Structure formats: C-alpha cells, structure tokens
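Below: one structure, written as structure tokens.
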Amino acid sequence: MAALRAWIAGSVPGARLPTSRALVAKYGASPVTVQKALRTLVAQGLIETRPGAGTFVRAVRTARPLDYSWQTAAMRSPHSRLSALSPALRAAPQGAIALHAGYPDRELLPERLIRSALARAARSDAALIRSSVAGLPELQSWFAHELGAATPVGVTPPLPSDVIVLPGSQSGLATIFRALVTAGRPLLMESPTYWGAIQAAAQAGVEVIPIPSGPDGPDPDALARAFQETGSRVFYAQPTYANPTGAQWSDAATTQILDVVRAHGAFLVEDDWAHDFGIDTDPRPVAARDDAGHVVYVRSLTKSVSPSVRIAAVIARGPARERILADRGAESMYVSGVLQAAALDVVTQPGWQTHLRNLRPQLRARRDLLLTSLREHAPDAHIATVPAGGLNLWARLPDATNLDRLVADCEAAGVMIAAGTSWFPAEPTGPFIRLNYSGPNPGAFADGARIIGQAVTSNH
Ligand SMILES: Cc1ncc(COP(=O)(O)O)c(C=O)c1O
C-alpha cells in the first residue's frame, strides 16, 4: 500500500495503474494482498476501478475553506451542549498503554462462542426477518429468566413480555428518561455516575439533580430529601459495581433505598451494566426484590459478550413498560434479528458459564496488578474502595492537581487515562481519574503506574 501510494503521488490524475498481475510480480505480494491494497486505496478515494478498463488515479480536488456559519444561525444555540466524544471513547494510538477506555480487551471476550454464534445466526431465519419492537421472544425469555432466577421467594418474577430488547443500553437510557421523566422535569442521579447517562439525560432534556454516593450507595435520607424537595419521581443508579467507583450497595442500604423509592411513589432505574463482572462478590440486582413496578432494570451484554454484538434489555412492568416500548418503536422500531440471535446463542451455550467463571480470576489479577502498581509507583493516587467487581479503579489525586495537564502529560508519555470530570453531573468534587484494568496489555500496568505517578508529582 505504501509503495502504491507513493506511485500514485507521483502520477497525474487519470494515470492507469499496472495490472494486478504486474503488481503481484513487481512487489512479490500475493494476489489477495494486492487486491486488498487496491480496495483500501479505492475506499480512500485515491484510485477508481472501471470494470473492463482498469484502475486509475483519481483527480484530487483541492479543498477550499467552506463557510457553514449560516447553520448555527438556523439552528440557534442548543438546549444542552452534548459532547460528541467522552474521554472513554477516544481511540488509543498504537503502542499506548490504554487505561482510559470503558470496554474489555478482546482477550477477555468469548471469541470462539461469538464467532460461531454469528455464523449460525447468519444461516438462520433471523438473518431475514424483522424482529418485533420488543425483541425475539426467546431472548426476552432469557433476560426475564435471568432476573427471575435472582428473585426471592414471595416476589413474583418478571415475565418475558416485561422485557424490551435494546441495541445497547445507552439508547435505552435516553428512552427511559424521555418516557418516565419527560423533558424539563427533574431526574435524580448518583454522583459521580456514568457519563453516558448524564449525556442521555441532557439529550432527553431532563433536569439532573446529583445525589452524592459512597462505597455503600447513596444516603437514603439524602435521597428522601431530594425526592421531597424536587418533586422528582425517578432515580437513576448503578447499585452493582458502579461506573466509575466500583461501589456495590450493601443489602441494608438497598432495603432502605427501596423503601424510600416506594414511599415516594417513584422509580429506581437500575443500570446493571457490570452484571457479568463480579470479582469478590456476586451481583445482587435490586430489581429482583421488586414486583410492584418500582424498579426499571437495564441489563447490557455489550461488554461481556462483545461490543460488536451490541444487545441489552430493559425490564419494566405496567404502564411504564408501555411508555418505554412506545418510545423504542418511535426511536428505532426494532433491533437487528441477527444480533439478537447471536447474543442469545452465546449466552445459552454451556461455554458461556465456563467463560464467566474463567473471567473472574482474570479480572481479579488485572485489578490487583493495577492496584499494587499504583500503590508502589503512584502513592498519591488514592483509591478509597477496592471494587468488588466491574472494570475500573477510581482514584482521587491531591487537591491542587491540574487534571487537564496531568492527562496530557500521561498521554505524551504513552499512557491514556480518563479525567474524572465527565462522571460528575455537576461540578467535580475533586480531581479524580478513572483507570480501566480490563484493557489490552496488563503487562504494561507497572509502566503505566510509574508514568501516572510522575505526572501526579509534577502537576500539583
Ligand atoms: C454504567 C453504564 N451503563 C450503560 C453503558 C452503555 O452500555 P451499552 O454498550 O450497552 O450501550 C455503559 C457503557 O460504558 C456503562 O458504563
């Protein structure tokens, strides 16, 4: 490709490339490699193929600066400024130690199960049908039974018809906020919390009220006061291995919080994003304790099955479920049947349980390696809670730290970290960073911690 690009750069537009056979001979590459290089150059707009005539260098049009200022006049100022890219979604340059991202490395995914599930799904009827808005019945059943299995005696488990399959939980959050809160009304959220939920709330036009949350979850009295003072009837939270803190609500806290939610005739939107990432404990979905429709449960498979088989579900009962379903219909109509069939295939294989069992010690080893590396090389990065599950460490840095400069310094030294700012619905309560221990190359954690330690020292 590099050789061809150089050749193209030295040619005039319309010049004809040598034939594939000549390129194979000239570069000593296989025909497959030559075809692949040509296809890439076509995609990059450098050459074009005219069937029967050959491959030609395309005319390059010089770009002139364009003026789109009329658009801002037409659109006016946005109601809320959504940022297109969270720090957690930035692409890592090759060779960088990537501790910033939110997704597990591919070596932690059930690759064999995914590949065969996708192949089977491609051959099945799912490849040709339109799913219903609520999803494939078998997948609805699987989600319902999974939560049902955690339901204690005396509580009625959810029905498959309570389940709505989503193309990832992110768009489900916007749906839930639109459907249950509605624009302009208040939504309570743990703080800090998942940046994507903050964005979804902004997108839905709801007013976010932060509720401080610690290692045991939020203070039930503070939650009760916020319900009373704001008139809000919806509380978004992550009771299990919260992103970013890793906190898991204690049983006692869960009971009290559920009581507060019930007493105020409110909803708890439970985002169970890390259900498959228990390390020292097991997940305890709060939704399993409720059959009166107070808990709206969001369960994602994106990170544990594959970011590419992006499937999640929301389980809601009563009229709330109907509102959410109506919003989904208006938003996206239905989720790809192939992806639903593939996700169902993966999670119903015996190998899925084996995969989850093997994942636990791998996550533990990575978490502990990053923790010990930080203790040794970045002792000023204070981690209040060792997470019992999830993918992240949440570290508080010395108060005077210049966070933007610290992140830039780390990046210049080859370590990508996420400034904690995006995880706060309002002003950050201190300089925090989030470090993901499930990314690629844990062998580089010690080097990463050393670079973070140096950057912390030089930035406060
Ligand atoms: C707490 C939380 N909720 C939801 C999501 C979005 O998940 P999905 O990929 O299913 O949209 C994430 C992804 O990072 C998350 O951390």
Query raised in the report: Ranked by accessible surface with a 1.4 Å probe, highest first, in what order do I279, I383 come?
Result: I383, I279
**Report entry** Beta bridges per DSSP with both ends in the chain, % antiparallel, nearest 5
**Finding:** 55
Query raised in the report: Hey, with R₀ at 45 Å, roughly what FRET efficiency would T281 and T40 work out to, going by the Cβ-Cβ distance, to 0.05?
Result: 0.45
**Report entry** Degrees separating the helix 220-230 axis from the principal Cα axis of the chain, which is the longest one
**Finding:** 80
Query raised in the report: Counting only heavy atoms of protein chains, what accessible area per residue, in Å², does the stretch 111-348 have with a probe of 1.4 Å?
Result: 37
Query - Listed residues D251, D368 arranged by accessible area, highest first, probe 1.4 Å - result: D251, D368
Report summary line: By the Cα gyration tensor axes a ≥ b ≥ c (a/c under 1.5 gives rounded; else a/b larger than b/c gives prolate, otherwise oblate), the shape of the chain is prolate
Report task. Multiply the residue gap between R58 and R120 by 0.36 nm, knock off their C-alpha separation, and tell me the result in nm, one decimal place. Result -> 18.3 nm
Report task. Multiply the residue separation of E322 and D67 by 0.36 nm, subtract the distance between their alpha-carbon atoms, and state the gained length in nm to one decimal. Result -> 87.3 nm
Query raised in the report: At a 1.4 Å probe radius, carbon and sulfur cover how many percent of the accessible area of the chain?
Result: 55
Query raised in the report: For the pair T49 and D251, how long in nm is the line joining their label points, each one 7 Å along Cα→Cβ?
Result: 6.4
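The values are calculated or read from the model by the stated rules, or taken from the named source; none is laboratory data. Keep in mind that this is a model prediction, so the values were computed, not measured. Cβ coordinates were reconstructed from backbone atoms using ideal geometry, including for glycine residues, and neighbour counts include every protein chain displayed. Just so you know, the surface numbers come from the protein's heavy atoms only, side chains and all, with ligands and any DNA or RNA stripped out. Shrake-Rupley method; radii C 1.70, N 1.55, O 1.52, S 1.80 Å.
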